[in-house]
Amino acid sequence: MSDSMFFKSRMVLTVAMLTSIFSSDFGLFRLGSSLGINYGQVANNLPSPEQVLMLLKSLKVNNTRIYDTNPQVLTAFANTGIDIIVMVPNEAIRQLMDPQLALQWVADNVQPYFPATKITGIAVGNEVFTSDDAAAMSDLAPAMASIRAALVQIGLGDQIHVSSANSLAVLESSYPPSSGAFKAELAGTMAPFLQFLAATKAPFWVNAYPYFAYKDDPSGIPLDYVLFNPNGGMEDPQTQLRYDNMLYAQVDAAIFALERLGYGGVEVRVAETGWPSKGDADEVGASTENARLYNRNLLVRQMANEGTPRVPNRRLEVYLFAMFNEDLKPGPTSERNYGLFHPDGTMAYNLGLAAPLSASSTASLSLTSSAAKKTLRG
């Protein structure tokens with residue numbers, strides 16, 4: 001059997017199973033627009049965009065983010081109803097400060113595909129304020145303004161937001177959440193960026209990974225707290241708000257940081273979160289079981305359209321990282337093992353979904369956790 005035929009047969013089985021699972025009463029169709037999946041492509045063995053589209057549809061997920069403006073992806077996703085956020089690479093930020101170059105970029109990378117391809121956002125760079133690139137930091141807001149002006153000029157200003165995703169490391173303090181504050185050395189540099197978000201009603205995107213906090217302090221942070229498993233939680237002593245998971249605490253820390261600078265009206269959304277299914281010997285917590293629990297428990301929360309304790313009535317928008325294990329990503333082993341799927345289209349692990357690989361099988365999502373319970377002392 002050829003590699004392409006093998007992939008196709010595996011994909012058919014996977015899609016059949018997922019369609020059965022996620023069309024059940026507990027399926028991801030209830031997530032609506034609150035959940036997305038990041039579609040990274042730093043690999044040499046990934047399926048075609050058309051095959052990726054099959055997987056997204058089987059998951060009933062209607063939102064994705066890519067890290068470029070790959071024309072093959074944008075063309076494949078036309079007329080599918082899937083919302084997609086595209087990205088400007090960090091190295092292009094400086095030149096896109098020029099209004100004419102920004103207009104040309106939009107004309108080349110957005111306008112030919114819209115509205116057939118539902119491009120809903122443009123991420124200008126990624127984690128710029130923690131990149132040690134002072135020029136990119138100062139250039140970011142002007143580049144965003146130029147891109148926004150280009151969108152307005154061609155009549156897309158109301159349909160596509162412009163923002164940029166930030167590492168949680170922009171915060172000086174995040175625990176307890178009410179102490180959330182931006183690093184003093186970044187506050188001035190970030191001011192034009194935050195002003196832009198407030199003026200255009202664009203979201204503040206954050207890449208939030210409780211995994212990193214646990215890896216750095218596994219003896220001090222209860223695993224159940226970071227995995228969304230049942231636990232005693234913690235109470236913020238200043239607000240008396242109770243947190244039963246770290247992701248919501250991290251998001252609220254960003255909300256408090258924005259409020260502290262007068263930007264409480266800017267919505268915080270999670271551009272990336274996830275858990276690696278494999279890691280090096282010193283990467284504590286990187287395992288298939290922990291990845292399964294983290295992502296599965298987060299999906300259950302998303303089904304409920306929850307908000308965080310600080311803004312309980314505002315559904316938290318979250319994008320999981322990532323669609324696939326990406327074999328060309330540099331760094332430790334964990335970096336290549338965040339995927340929900342292997343490149344051949346099979347699941348990297350079962351998200352708690354009891355179903356054999358059979359198109360005729362029926363399945364359901366069990367909402368209980370068998371993990372041990374621990375208590376987080378506030």
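The values are calculated or read from the model by the stated rules, or taken from the named source; none is laboratory data. On a predicted model such as this, the values are computed, not experimentally measured, just so you know. FYI the Cβ positions are ideal-geometry reconstructions off the backbone, even for glycines, and counts take in every protein chain you see. Note: areas computed on protein heavy atoms with side chains; ligands, DNA, RNA excluded. Shrake-Rupley method; radii C 1.70, N 1.55, O 1.52, S 1.80 Å.
Summary of computed values
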{"quantity": "Test: Phe196 is at pLDDT 95 or above and within 20 Å of the chain's Cα centre (by Cα)", "calculated": "no"}
{"quantity": "Answer residue from the stretch 22-80, given it is surrounded by fewer than 21 Cβ atoms within 10 Å (Cβ to Cβ) and among the basic types (Lys, Arg) and is modelled with the lowest pLDDT among those", "calculated": "Arg30"}
{"quantity": "Filter result for Ser360 (out of contact with any helix residue (DSSP H, G or I) (no Cβ under 8 Å at 6 or more places or on another chain), at pLDDT below 60 and either part of a strand (DSSP E or B) or over 28 Å from Asp244 (Cβ atoms) (or both))", "calculated": "yes"}
{"quantity": "Yes/no for Ser2 being at pLDDT below 55 and of a type in the set (Gly, Ala, Ser)", "calculated": "yes"}
{"quantity": "Residue tally, condition in contact with a Phe, Trp or Tyr (Cβ under 7 Å, 6 or more places away or on another chain) and either within 19 Å of Val270 (Cα to Cα) or acidic (Asp, Glu) (or both), over the stretch 165-198", "calculated": "12"}
{"quantity": "Residue that is farthest from Lys201 (Cα to Cα) [pool: residues in the stretch 264-287 that are assigned to a strand (DSSP E or B) and open to solvent by less than 30 Å² (accessible area, probe 1.4 Å)]", "calculated": "Thr273"}
{"quantity": "Residue check, Thr308 surrounded by 21 or more Cβ atoms within 10 Å (Cβ to Cβ) and in contact with a Phe, Trp or Tyr (Cβ under 9 Å, 6 or more places away or on another chain)", "calculated": "yes"}
{"quantity": "Near pairs, Cβ below 7 angstrom, 6+ apart or cross-chain, from the stretch 328-351 (under 17 Å from Gly285 (Cα atoms)) to any residue that is buried (at least 17 other Cβ atoms within 10 Å of the Cβ) and among the hydroxyl-bearing types (Ser, Thr, Tyr)", "calculated": "Asn337/Ser277; Ala348/Ser277; Tyr349/Ser277"}
{"quantity": "Residue selected from the stretch 152-171 under the condition of a type in the set (A, V, I, L, M) and in contact with an Asp or Glu (Cβ under 9 Å, 6 or more places away or on another chain), by the criterion nearest to Phe193 (Cα to Cα)", "calculated": "Ala165"}
{"quantity": "Residue within the stretch 252-263 that is part of a loop (DSSP other than H, G, I, E, B) and within 21 Å of the chain's Cα centre (by Cα) present", "calculated": "no"}
{"quantity": "Criterion (crowded, with 21+ Cβ neighbours inside 10 Å and either in a helix (DSSP H, G or I) or in contact with a strand residue (DSSP E or B) (Cβ under 9 Å, 6 or more places away or on another chain) (or both)) met by exactly one of Ala136, Ala107, Ala141", "calculated": "Ala141"}
{"quantity": "Options Ala181, Ala169: the member that is under 16 Å from Phe129 (Cα atoms), open to solvent by 10 Å² or more (accessible area, probe 1.4 Å) and under 21 Å from the mean Cα position of the chain (by Cα)", "calculated": "Ala169"}
{"quantity": "Candidates Ala199, Ala208 - the one that is surrounded by 20 or more Cβ atoms within 10 Å (Cβ to Cβ) and either at negative phi or free of Cβ contacts under 8 Å to residues at least 24 places away in the same chain (or both)", "calculated": "Ala208"}
